[in-house]
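The values are calculated or read from the model by the stated rules, or taken from the named source; none is laboratory data. As the structure is a prediction and not an experimental result, all values here were calculated from the model. Every residue, glycine among them, receives a Cβ derived from its backbone with ideal geometry; neighbour counts consider all protein chains shown. The area values use the complete protein model at the heavy-atom level, side chains included, leaving out ligands, DNA and RNA. Shrake-Rupley method; radii C 1.70, N 1.55, O 1.52, S 1.80 Å.
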Amino acid sequence: MIGNRIRSQERVSVELNDDLIGIVVSMDRQLKGTEIEFPIPIRIEDISEGGLKFWSRQELMIGLAMNFRMRVEGYILDVKAKILRCRNTEPGIYEIAAQFNGMSRHSEHVIKTFIKKKSIQNIWESRRRGSE
C-alpha cells in the first residue's frame with residue numbers, strides 16, 4: 001500500500017503554479033481542549049507516493065489522523081494521512097510531514113502520474129539549464 005515506504009520514495013517539489021492544492025477537511029477524532037476550525041488551508045511543499053510535506057498556520061499533533069482534500073491537475077482527491085512531524089519554523093507557521101494511510105486506487109494513480117510528470121519536467125529543466 002502507498003505510504004509504507006515513505007522515506008525511500010521519490011519526492012517532487014510543488015511550485016505555486018502547479019495544479020496541486022490542498023486543505024485539511026477534518027480529523028478522525030476530536031481532541032479535548034483543542035479548538036480547530038476546518039477546513040485548514042495548507043501550502044504543499046513536496047509530495048511522494050507515500051506522503052507530503054506542507055506549511056500551515058495551524059499546529060497539528062503528531063500521530064493525528066487527518067482527512068485531506070486535494071486538487072491534483074483537475075481531479076479532486078480525498079486522502080487520509082497521519083501526521084509524522086510538526087515543527088514551528090517561524091511565528092505562526094508550521095512545517096508538517098504527513099504519511100498517506102488511505103486512498104482510492106484512482107487517487108493513488110493520479111498522485112503517481114503527477115509525480116512522474118514533475119520528475120520528467122525537472123530532468124528537462126536541469127538539462128536545459130546545463131546547456132545554457
Conditions (1) modelled with pLDDT under 95; (2) farther than 24 Å from E125 by Cβ; (3) open to solvent by less than 60 Å² (accessible area, probe 1.4 Å): number failed by V79 | (1)
Name the residue, out of G130, G74, that is on the phi > 0 side of the Ramachandran plot and over 15 Å from the mean Cα position of the chain (by Cα).
-> G74
The range 36-49, residues that are within 9 Å of the chain's Cα centre (by Cα) and assigned to a loop (DSSP other than H, G, I, E, B) = S48
Hey, L16 surrounded by fewer than 12 Cβ atoms within 10 Å (Cβ to Cβ) and under 15 Å from the mean Cα position of the chain (by Cα) or not = yes
Subset of the range 98-107, residues within 19 Å of M27 (Cα to Cα) and open to solvent by 10 Å² or more (accessible area, probe 1.4 Å), comes to Q99, N101, G102, M103, S104
Considering each of I36, I40, I62, I47 in turn, give the residue that is of a type outside the set (D, E) and open to solvent by 70 Å² or more (accessible area, probe 1.4 Å).
-> I62
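Against the condition modelled with pLDDT of 95 or more and open to solvent by 70 Å² or more (accessible area, probe 1.4 Å), how does R7 come out, does it pass?
Details: modelled with pLDDT of 95 or more: no; open to solvent by 70 Å² or more (accessible area, probe 1.4 Å): yes.
Spelling it out, it is not the case that R7 is modelled with pLDDT of 95 or more and open to solvent by 70 Å² or more (accessible area, probe 1.4 Å).
Looking only at the range 65-76, which residues are surrounded by 13 or more Cβ atoms within 10 Å (Cβ to Cβ) and more than 16 Å from S26 (Cβ to Cβ)?
Across the range 65-76, the qualifying residues are R71, V72, Y75.
Among the residues of the range 53-63, are any out of contact with any His (no Cβ under 7 Å at 6 or more places or on another chain), under 22 Å from I120 (Cβ atoms) and touching a residue at least 40 places away in the same chain (Cβ under 8 Å)?
Yes: the range 53-63 contains one or more residues that are out of contact with any His (no Cβ under 7 Å at 6 or more places or on another chain), under 22 Å from I120 (Cβ atoms) and touching a residue at least 40 places away in the same chain (Cβ under 8 Å).
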Filter pass, T89 being in a loop (DSSP other than H, G, I, E, B), open to solvent by 20 Å² or more (accessible area, probe 1.4 Å), over 16 Å from E10 (Cβ atoms) and not acidic (D, E) | no
